[in-house]
Amino acid sequence: MSILFLLVLMAGFAVPAVPAASPYIDAGPGGVTWNGRIYEYGGVPKTDEPYDGDAWFTIRDETTGALLRRVVYDGGNDETFIYFAILSDDVFALVTETRGIPGSGGSSLCKTEILAYTGDGEPHGATSVPGRMTAYNNHGGMLVLSADETFAADYVFDAGLAPTVLPATIVATGSFDYPYRCFATVDGDPVERIAIAGPGIYDIVVTDGFYAYAFRAVVDPIVTGVADGTEWSDPPTVTSPGILSLDGEPFVSGEAVVEPGNHVLSIRGDGGYEKTIAFVLHPYVANIVDGFATEAGIRVFTDADALEIDGEPYVQGDLYRIPGRHVMTVLAANGYARTIAFAILPSVAGVESGGVYEDEVAFTVNGTAVLGGLSVTGTIVLDEPGAYELVLYFDGAPYATYAFAVTASAVPDPWWRSFPWIETVSGAAALVGLFLIFRKK
């Protein structure tokens, strides 16, 4: 070991190195600028004996250079912090090469330790792996260690230092922002930063020395207004990035879907990306609901394409009074069909239960009815005096009963019976007439 190197270690400073090309994670051996602070790290021997040293790091204010914290780590062996990794917004890790001290196995390398700290330097966890690593990498909020010259991702740790694996595909919503060290390409093109805003499928390669990690990023758009499988009664306003089409026709983000029916929104992006969202906009249908029943008939209004009753076309606004159970079908765009069951109940007009009608009564039955044992419908006129019972039927069972009577008109008295004195005069006149007859003879 050179005298200069020992002097540097004893002074407590690591030799700063120019950070590698690091467009997003500005972390290189010896010093890191992160979140407005400067992190320096390294190791210093405790004594003149070799392989007996402590690892350390300091935190300084980036603007003033003031020392905020100094942490020394002594694990009982010879430790040196050799790699700095950013694992989250407030967690970093330091990799320590640990060698045995004299009397405990000689100077051979024992293990690689990983110590995690918060941004303020508070302990956040620790773990270790056996042996010395050939490469250390930091990207996507993970620490990656390569154990041999294949430079594979042999050990991967997250912010909690839990072992994990690098995914072959990463799915993000809205945008994809991926921190990394050294170099990266997106779809084969070098980039300064992996920050993708538009929907698409992207092939990404991160390279750090001999190490290379290739993966696919799928960025799904944030869609407002509709979601797959939803149903709407009012026209939804749809917004989304990407190239949009509705039912195969171009669609502009921010517009409302006003045509009732079944719809499919298609969103296209880079790399052959396509996402579809199926939804339903129900037509407006007024004056009827499923299970509706009335004696008066219906007049239905709608913004649907067409209406049918029992399979026959119905013109909206027309009065429909055919008694019985019916099914209205509401038809709209792209095969939309909604059924509404309703009933027109039987009714009678012109007669009331308990009514008494002189000479005759005329009434109209809408539906099926029985009068005097006979089935009747339409308009009936009764002029025979008597008591009657009219029974309306629905679904094969009595629905309503009307009991009434028809009476004959009373025979009126002669008009002169209203004047008694006329009878007296009449009798006298008759006598005078007889007297005259006999006198002529």
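FYI, it's all coordinate maths here, none of it is from the lab. Fair warning: this is a prediction, and the values are worked out from it, not measured in the lab. Positions of Cβ are generated from backbone atoms using ideal geometry, with glycine treated the same way; all protein chains shown enter the neighbour counts.
Structure summary
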item	result
Amide H contacts of His124 (H built 1.01 Å from N, under 5 Å, at least 5 apart or other chain)	Ala116, Tyr117, Thr118
Inter-site label distance for Asn334 and Ala362 at 7 Å from Cα along Cβ, in nm	5.6
Distant-in-sequence amide H partners of Ala135 (H built 1.01 Å from N, under 5 Å)	Ser146
Whole-Hz ³J(HN,Hα) from phi, Karplus 6.51 cos²θ - 1.76 cosθ + 1.60, for segment 187-196, glycine and proline x	6, x, 9, x, 10, 7, 7, 8, 9, 10
Net charge, Val165 excluded, C-beta distance under 11 Å - Lys, Arg +1, Asp, Glu -1	-2
Residues Ile322 and Ala286, FRET efficiency given R0 of 35 Å [Cβ-Cβ distance, rounded to 0.05]	0.95
Difference of contour (0.36 nm per residue) and Cα-Cα distance, Ala214 to Phe301	25.4 nm
Residues with amide H under 5 Å from that of Gly355, placed H, sequence gap 5 or more	Ala405
